[in-house]
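Data block below; observations after.
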Amino acid sequence: ASFLRVAAALADRLDTPAAALPLWREVLDREPFAEDANAQVAAHLAMIEGEEAARAHLDAACARFPHHRALLRLCVDRLGDRDPAAAERAVRRFLELEPASAWGHRALAALIVAQGGRLDEARAAVTAAAEIDPSSAAQLLVTARVAQARGEIAEAKEAYREVIRRAPDVEEAIVNLVVSSEKSEERLADLAFIEAEVMARSTGEGLASWFGLARAHRSTDELLASLASLRASRPALEAAWTISAHHLANLARLDEALAVAEEASARFPLVPRTWHALSMIRRQRGEPQQEIAALERALSQNPTFTEAVIRLADAHVAMGNGDAARGLLDRTLARAPLDAGLLLKRADLGWKAGEREEAIALLRKALLVDPANQDAWRLLQERGAELGRPDEALTFAR
């Protein structure tokens, strides 16, 4: 089993999810209770066949071992936002087996809120969790979520502040603390509090969340000063450099942006985001060869970095090399066959290369993965009309 786990990890890194899946299945043949193997099989099925296949696997595992709490947790985590009602049934089964689980009571409260209504029941679940685990960041976050749903804004905001003090990278707490304030001066005070916490202790995600909110409320000079101060005080924080580079580029201060991005990629050469940021600046500067080189470095670290793949495909097309762009997308789709963004880009390039029916099939596949993708619906309608099938999109939607 240890051998198979390593082989599966290598298949994921060097080959495709389809090559890794049978190896994870072999692990389950030997260790049917293994939480990691069940999670990996579900994740790989989701990438290859879709969420229904992942859910069917976990449903079958839980039916086979109905008293196995770790498998029930996997079901709850996998269903989550996808099917809150089914996740609620799984977490209630979990609580029958382990009634003293703070995680179980918190999960139940969150799922009740996600479905709307029954807020007294959600409050009771939060109270039960607090009796077991009164002060963790996870507990405070669910407490805030339930209070906000009940309209208890002051209580919710205080809980969100305490979450940020304990875990300054929790995006939900950062965003909800600011957006729940009605007055601009209150939002500024919230942003100042968040800035102090994330500047001192964020590992990156909290900084990005704060910056996304602060841009609407802080001047350009104030933001640049904050980011420069952060780079000086915490030079080992990659996000400080990457966010600074993007911000300078958005301000069209391309020489400064390039200097920051080059230093970021030199300091953090194994972080794909730094090379992606550098590639964007190279594009803005009209340097296609350097842009392609930076994107290739990003993809050498993460071959399924969707945005970088699409940008590199566009760069190849701009250089007149459509075959390279389509080949890149085909190789990446072998690793991530249900990535709607990649499917849409491949359909677009295939259509332009004369692969008309193949493009229509890819657009349909993208819409099965992401039915809310407006660009895919528009293209399906336009491409169908060009083929003399004006009802193509409407028929597929029905």
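Structure above, values below:
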quantity: Accessible area expressed per residue, the stretch 258-380, with surrounding protein chains retained (probe 1.4 Å, Å²); calculated: 45
quantity: Karplus 3J(HN,Hα) series, Hz, for the stretch 150-164 with 6.51 cos²θ - 1.76 cosθ + 1.60 (x for Gly, Pro); calculated: 7, x, 8, 5, 4, 5, 5, 5, 5, 5, 4, 4, 5, 4, 5
quantity: The stretch 39-106 - percent of accessible surface contributed by carbon and sulfur, probe 1.4 Å; calculated: 51
quantity: Cα gyration tensor, the stretch 128-238 - rounded (a/c under 1.5), prolate or oblate; calculated: oblate
quantity: Cα centroid separation - the stretch 254-298 against the stretch 18-89, whole Å; calculated: 39
quantity: Max mean-square fluctuation residue, GNM over the chain, Cα-Cα springs under 10 Å, options 215, 30, 106; calculated: 30
quantity: Reported label for calculated Cα Rg over 2.2 N^0.38 Å given (i) 1.44; (ii) 1.12; (iii) 1.18; calculated: (ii)
quantity: Cα lying deepest toward the dipole's positive end in the chain, options 319, 19, 50, charges on Cβ; calculated: 19
quantity: Euclidean distance of C-alpha centroids, the stretch 167-209 and the stretch 342-398, integer Å; calculated: 40
quantity: Among 199, 217, 178 - extreme Cα towards positive end, dipole of the stretch 82-227, charges at beta-carbon; calculated: 178
quantity: For the stretch 326-385: rounded, prolate or oblate by the Cα gyration tensor [a/c cutoff 1.5]; calculated: oblate
quantity: FRET efficiency, residue 307 to residue 100 (Cβ-Cβ, R0 45 Å, nearest 0.05); calculated: 0.55
quantity: Dipole magnitude of the chain about its Cα centre (Cβ charges: Lys, Arg +1; Asp, Glu -1), debye to nearest 20; calculated: 260
quantity: Taking the stretch 173-307 and dividing mean pair separation by its residue count, relative contact order in percent (alpha carbons under 8 Å, at least six apart); calculated: 15
quantity: Under the Karplus curve 6.51 cos²θ - 1.76 cosθ + 1.60, θ = phi - 60°, whole-Hz ³J(HN,Hα) for the stretch 190-206, x wherever Gly or Pro sits; calculated: 4, 5, 5, 4, 4, 4, 4, 6, 6, 5, 7, 9, 5, 9, x, 5, x
quantity: Carbon and sulfur %, accessible surface of the stretch 178-254 computed with the full protein complex present, 1.4 Å; calculated: 53
quantity: Karplus-derived HN-Hα couplings along the stretch 47-53 (A = 6.51, B = -1.76, C = 1.60, θ = phi - 60°), whole Hz, x at Gly and Pro; calculated: 6, 9, 10, x, 5, 4, 5
quantity: Dipole in debye (nearest 20) - the stretch 112-155, about Cα centre, beta carbon charges: Lys, Arg +1; Asp, Glu -1; calculated: 160
quantity: Student exercise, the stretch 1-93 dipole from Lys, Arg, Asp, Glu Cβ charges, in Debye to nearest 20; calculated: 360
quantity: Three-way shape label, the stretch 236-299, alpha-carbon gyration tensor, a/c 1.5; calculated: oblate
quantity: Calculated FRET efficiency for the pair residue 221/residue 171, C-beta based, R₀ 35 Å, to 0.05; calculated: 0.85
quantity: Partner lysines for residue 365 [C-alpha distance under 22 Å; skip if fewer than 8 residues away on the same chain]; calculated: 345, 352
quantity: GNM flexibility winner over the chain from 224, 72, 328 (Cα, springs under 10 Å); calculated: 224
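The values are calculated or read from the model by the stated rules, or taken from the named source; none is laboratory data. Note that the coordinates shown come from a computational prediction; the quantities given were computed from them, not determined experimentally. Positions of Cβ are backbone-derived with ideal geometry, glycine not excepted, and every protein chain shown enters the neighbour counts. For the accessible areas, the whole protein counts, side chains as well, though only heavy atoms, and no ligand, DNA or RNA atoms are used. Shrake-Rupley method; radii C 1.70, N 1.55, O 1.52, S 1.80 Å.
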